[in-house]
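Working notes, beginning with the structure itself.
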Amino acid sequence: MHDKSIIDTFLHPKSVAVIGASKNQMKGGYRIMKNLVSNNFHGNIYPINPNSSGEELFGLKIRNNIKDIEGDVDIAVFYVPNHLIPDLLEDCIEKKVKGAIIEASGFEEIGVEGQELKEKIVEITDNF
């Protein structure tokens, strides 16, 4: 993918998966979903949460895993605990998601364990 097209994908995605979508209004995954819906995002929005599979959020079916989405996904937005991100990124790569935005903390700022997690994510994303 050329640099211009990846920038266009981030600025004008046709579909967004929110990994960590939540029905709990206090959670970030809820706020991300609400922002997409209330700001009239014109593409497809896919809420993902393995603990809420089959339920709905803002009239959209919550899926268990990004691989459960039938169509293409341009961007995956992560709002999950940092230790879950590597496996979820692997799912995104398998699904051929074009890009990811990670909303998480707990990496090098917490020390060696966080640095190792960051390095693992960088290694995985080299395949993105």
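Here are the numbers:
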| read-out | value |
| --- | --- |
| Estimated inter-spin distance, ASP91 and VAL112, nm [label 7 Å along Cα→Cβ] | 3.1 |
| Per residue value of the accessible surface for the chain (all protein chains in place, 1.4 Å probe), Å² | 62 |
| Mean separation of Cα contacts under 8 Å, 6 or more apart, over the residue count of the chain: relative contact order % | 23 |
| Low-density loop cleavage sites - trypsin sites (Lys or Arg not before Pro) in segment 1-88, where at most 15 other Cβ are within 10 Å (DSSP) | LYS14, LYS27 |
| Convex hull volume per residue in cubic angstrom - Cα atoms of segment 26-100 | 96 |
| PHE58-GLU119 FRET efficiency (beta carbon distance; Förster radius 30 Å; 0.05 resolution) | 0.25 |
| √(5λ) per eigenvalue of the Cα gyration tensor, the chain, largest first, Å | 23, 19, 13 |
| Most to least accessible of SER52, SER38 (protein chains only, probe 1.4 Å) | SER38, SER52 |
| Beta bridge orientation in segment 1-100: antiparallel %, DSSP, nearest 5 | 15 |
| Computed Rg/Rh of segment 68-128, alpha carbon atoms with Kirkwood Rh | 0.99 |
| Helix-only CD estimate at 222 nm, as mean residue ellipticity for the chain, using -39500 (n - 2.57) per DSSP H run (n ≥ 4) | -10500 deg cm²/dmol |
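The values are calculated or read from the model by the stated rules, or taken from the named source; none is laboratory data. Not measured: the values here are computed from a predicted model. Positions of Cβ are backbone-derived with ideal geometry, glycine not excepted, and every protein chain shown enters the neighbour counts. Surface accessibility is based on the protein's heavy atoms, side chains included, excluding ligands, DNA and RNA. Shrake-Rupley method; radii C 1.70, N 1.55, O 1.52, S 1.80 Å.
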